[in-house]
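Participant: Questions regarding the structure given below will be posed in turn.
Derivation of every value follows stated rules applied to the coordinates shown; laboratory data play no part. Everything quoted here is computed from the prediction, not taken from an experiment. FYI the Cβ positions are ideal-geometry reconstructions off the backbone, even for glycines, and counts take in every protein chain you see.
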Amino acid sequence: MNIRYFISFIAMFFMIFVMNAQDNAVTFEMKLSKEKLGINERLRVEFIMNKDGDDFTPPDFTGFRVLMGPSQAISSSWINGVRSYSKTYSYTLVPTARGKFTIKQASIVIAGKTYKSLAKKVEVTAAVDKPNDQMTVDDFANDHLHLVAEVSKVNPYLNEQISVVYKLYISPSIRVSNYRPLDNPKYNNFWSQDIPIQRQNIENGTYKGKTYRFVVLKRVVLYPQKSGKLEIEPLSLDVTVEVPTNKRNFFGGRIYTPANKTVSAGRRTINVKNLPSVGKPSNFGGAVGQFDFTVSTTKTSLNASESLQAIIKVTGKGNLKLFQLPEPELPGSLEVYDPEFNENVRTTLSGMQGMVSNSYTIVPTFKGKYPMPSISFTYFNPKTEKYNTVNSEEILINVIEGPSNALASTTSSSNNTKQTVVSTGNQFGFIKLRPNLRTIGSNYFFGSKYFYAWWLSPLLLIPLAILFRKKRDAIASDIDGNKIKRANKLARKYLSEAKKTLGKKDAFYVSLEKALHNYLKAKLKIETSEFSKDKIASLLTKKEVDEGAKEGFVGLLKNCEMARYSLFSDVQMQQDYDKASEVISYLDKQL
């Protein structure tokens, strides 16, 4: 009986020893969600340990891209007096290619000792029809966030306008907190111009039949300069999104998890058609669009050596900046100077619109009538797909007065040909043989009235010098007056500098603000340290300045401050400059 108890005691002791040994043993292993998967599936990799450690080093995951991770999970419990502990590092991977890959060892330091997991092999096959993975945050963002490049026309003619609008479509299920461009597209073989977006507004729309919100990020107008297949590079963005989870907070609201997502508009191919060769006139200069053509002169009757301007003008809608205007053919007896090019073209999302012209200065040398032959201008209309030619009317230039061009009728074929000399008046000037000369005395100057006038002039200048000295001293003693003059001079200086910098937002508003400050320093005698919009408003009220002028002045100062943080167009800058001139002029009359 005693032997039976002894054996039972020994067995129980052995079991307790084994359990304690198992509790003290450290385990660190890697688990895979599957060892074979399709290229369109996801792989979950977990590194599990039964004791807490430091310096966890994951493998490099060759052949895979990390979508999520590492995420940590810790589990700890007590069962029948035995403590159970588990810590897990997990990753979600997506394969980058088909083949057999090895997920190498991971390592961690536990209680000063380094432990490594065993490497495992994974086989990636072709895509499967129905991936059975649970949708990740990245998958959810892929289905609810789209960057689209909307092209107005994918098969235009050469030099025909097309527009590209980049829109970011956002599903109501997710939130976008921030985005930044990663790669701006380059438009090779296109003439391009960006259309500025003053303010980005969120609008409602549909994408592939589903309801989305969208924002327009970029607009550009393109004119293809080469026929054939041309590629538009993609626009890429790094977007920070917040994806909803199945968890809710204390108040019942859904909890969102952040994630970074790279979206791209994708490459777009434009098939550019060459202009038809059938029916193309010989004088076609590359104009594509819808145009009007006119030729005019500032005058048709004038005298020799006077000048007139011949203006060749094209107006309408099309590639106004991308073709050459036709040139006039004029008689050789008219001096023609190089043309002055004028351009008034604005570019919108629908293309270039406006006017281009060449102004030729013409100076006739001889009297006569000179015809200015008709000029033809040809353009291609992409809507009708036909060439149109416009001919101007012949203009007759009548030179009323001037020398006759008799030499023009002579021929140079014979060496004995005589040239007619045109008489224009008296050809000879005769020398007078009897000049009207008279003698003067040797003391003509001394003792004359001119002599006494020069002698007394220094005495007469003395009173003028005294008056000038007193006036200068009075001006120098007027300190306030000198300050006002200097301030007015500075105000004019800075206002002129603001006019020179129109179109350069920062420099313009800095100069405009300085001009306004110096003007008030002159009129209200306050220093810059005292400047504030409230102070200015109260001082102008005390000076009984009209409410409109006061609000206009303070509004200009506010615009100068807002310009540092907001977008201001050239039109707005011109309006602010004109308003500053009007307000200063109006205040000057009242103050």
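Participant: So, counting K/R as plus one and D/E as minus one, what does the shell of residues with Cβ under 14 Å around residue 389 add up to?
Facilitator: +1
Participant: Please give the charge dipole size of segment 271-355, origin at the Cα centre, charges +1 on K and R Cβ atoms and -1 on D and E Cβ atoms. Round to the nearest 20 debye.
Facilitator: 580 debye
Participant: Measuring from label point to label point, each 7 Å out along Cα→Cβ, what is the residue 497 to residue 126 span in nm?
Facilitator: A separation of 7.3 nm, rounded to one decimal place.
Participant: While we're on this one: Label residue 460 and residue 350 with points 7 Å out from Cα along Cα→Cβ: what is the distance between them in nm?
Facilitator: Distance between the two pseudo-spin positions: 7.6 nm.
Participant: Net charge near residue 366: determine it from the other residues with C-beta under 14 Å of the C-beta of residue 366, scoring Lys and Arg +1 and Asp and Glu -1.
Facilitator: My count for the surroundings of residue 366 gives -1.
Participant: May I ask you to derive the FRET efficiency for residue 236 and residue 370 from their Cβ-Cβ distance with R0 = 56 Å, giving the value to the nearest 0.05?
Facilitator: Efficiency at R0 = 56 Å is approximately 0.35.
Participant: Considering amide H positions built from the backbone, and no H for Pro or chain starts, which residues 5 or more places from residue 275, or on another chain, come under 5 Å of its amide H?
Facilitator: 158
Participant: For residue 357, what charge total do you get from the other residues with a beta carbon under 15 Å from its beta carbon, if Lys and Arg give +1 and Asp and Glu give -1?
Facilitator: -3
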